[in-house]
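Report on the structure given below.
The values are calculated or read from the model by the stated rules, or taken from the named source; none is laboratory data. Being a predicted model, the structure only gives us computed values, none of them experimental. As a convention, Cβ positions derive from the backbone with ideal geometry for all residues, glycine included, and neighbour counts pool all protein chains shown.
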Amino acid sequence: MNAEIIAVGSELLTPQRLDTNSLFLTQELNDLGVEVTTKYVVGDNRDHVADAVRRAMSRAEIVILSGGLGPTEDDVTRDAVALAIDRKLVFHPEIADQIEQRFRQANRKMAEVNRRQAFVIEGADILPNDRGTAPGQWIDEAETCIMLLPGPPHELKAMFTRQCLPRLERVVPKQVIRTLVFRVTGMPESDLDQTISPVYKKYENPVTTILAGDGDLQVHLRAHGSNESDVLALLAEVAGPIELLLGDRIYSRNGDSLEAVVGDALKKRHASLAVAESVTGGLLAQRITSVAGSSHYFLGGFLTYSNKMKTELLGVSEETLQQHGAVSKEAAEAMALGARRRTGSTFAISITGEAGPEPSENVPVGTVYIGLADAGGCQVAHRVFLGDRARIRVFATQMALDMLRRKCTLVA
């Protein structure tokens, strides 16, 4: 079975608000074996919402609307669904009494507009809401079931879990949906697709999706079937050849972030890490410490934005900085070695570069040098990243963490 989700509310079309209800609903539906094929965000316009409902009903067996059940004039979901399926709205005095009782319990007087929440679409089942004033509604219309749920997440989650899931479990055919995620770094998205497309294009099930962002790539393999073993076999059939093609460019098979994978590798080796950052301004340390338990392996770092700080804190010689510049292989090497020497860490990473917007020291914007020091010395990698200041800094930290991941693999 397929489902479509319609989030109602003009506030969701602004930069300040995000629709998180659809993420919860998608997970719950997927766990039932229901595929979510489309999501909409529609403003507070009755005709627009009604049109979205009609389109969703023409394609999906399950249609869920969230939001727009409040008492004010811009809460149009009830009216829009009634319009879409050509049914009347019926006033239920017992619901109005229940809402008024909630206000009395809070020592408040119910406003007259709250009576609007007591209108129910003709033939709908009422879904009680013990966390708010707006009841939900369940409607069976032809081959489609329609759910009207409140917008506040704590109300929606409780109502869906208690009222809707038991109903869906009775009508949804048994189906299993599973997703396998490979996280990949160290190659462009186009190269990744060119490498693995000869494998995944042979299959309609699983469906393969490639997501890209700031040097981090994700390959999602999504399979469905009637039972767990068949679905896992389908995933393995496609995943095996992809793993062989990508090799060690895959850094995670369970969705873990690169910083989490690196942290796990350091813990397993009882190794420690220090960082020395210039161009990234602490972003690398932030990523490392975002992982719970990072205190087991991360000793700390040096934020050496100026040449003076590089010299005083890390021991980078003035001669090196004068002769080669702060953005150079030599400076990155001296920074990494200095950080390791000062902290006694197993590994030390340094990052120096030029993120722009204007070039300095005759260094092109996007130039980055990354040093990785250990007991055997220091290796330095050089890249020129394209993009704005924020993108360059994220790419630099991504490359630094991947260098350490590969080094940990080699010394395992």
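Looking only at residues that are assigned to a helix (DSSP H, G or I) and buried (at least 18 other Cβ atoms within 10 Å of the Cβ) in region 97-135, which one is nearest to the chain's Cα centre (by Cα)? Selected residue: Gln117. The set of residues from region 390-409 being under 15 Å from Glu277 (Cα atoms) and either touching an Asp or Glu at 6+ places or on another chain (Cβ under 7 Å) or charged (D, E, K, R) (or both) comprises Arg393, Val394, Phe395, Gln398, Leu401. Here Leu18 clears all of (1) among the aliphatic types (A, V, I, L, M); (2) under 16 Å from Leu168 (Cβ atoms); (3) at pLDDT below 95 except the condition numbered (2).
Do we have any residue at all in region 305-323 that's within 36 Å of the chain's Cα centre (by Cα), part of a loop (DSSP other than H, G, I, E, B) and buried (at least 17 other Cβ atoms within 10 Å of the Cβ)? The answer is no; no qualifying residue exists.
Residue pairs whose Cβ atoms lie under 9 Å apart, sitting 6 or more positions apart in sequence or on different chains, and linking a residue in region 235-254 that is without any contact (Cβ under 8 Å) to a residue 60 or more places away in the chain to a partner that is small (Gly, Ala, Ser), are Leu235/Ala223; Val238/Ala223.
Only one of the numbered conditions (1) of a type in the set (Gly, Ala, Ser); (2) closer than 17 Å to Ala348 by Cα; (3) part of a loop (DSSP other than H, G, I, E, B) is violated by Ala292, and that is (2). If only residues of region 214-270 that are of a type in the set (Ser, Thr, Tyr) and within 23 Å of Gln398 (Cβ to Cβ) are counted, the one that is surrounded by the fewest Cβ atoms within 10 Å (Cβ to Cβ) is Ser257. For region 146-161, indicate whether the set of residues that are of a type in the set (A, V, I, L, M) and closer than 20 Å to Asn254 by Cα is non-empty. No, region 146-161 contains no residue that is of a type in the set (A, V, I, L, M) and closer than 20 Å to Asn254 by Cα. Check whether at least one residue in region 327-342 is of a type outside the set (A, V, I, L, M), in a strand (DSSP E or B) and touching a Gly at 6+ places or on another chain (Cβ under 6 Å), and report yes or no. There is no residue in region 327-342 that is of a type outside the set (A, V, I, L, M), in a strand (DSSP E or B) and touching a Gly at 6+ places or on another chain (Cβ under 6 Å). Pairs meeting the criteria (first residue in region 120-135 and farther than 13 Å from Leu69 by Cβ, second residue part of a loop (DSSP other than H, G, I, E, B) and modelled with pLDDT of 95 or more, beta carbons under 6 Å, at least 6 apart or on different chains) are Glu122/Arg87; Glu122/Lys88.
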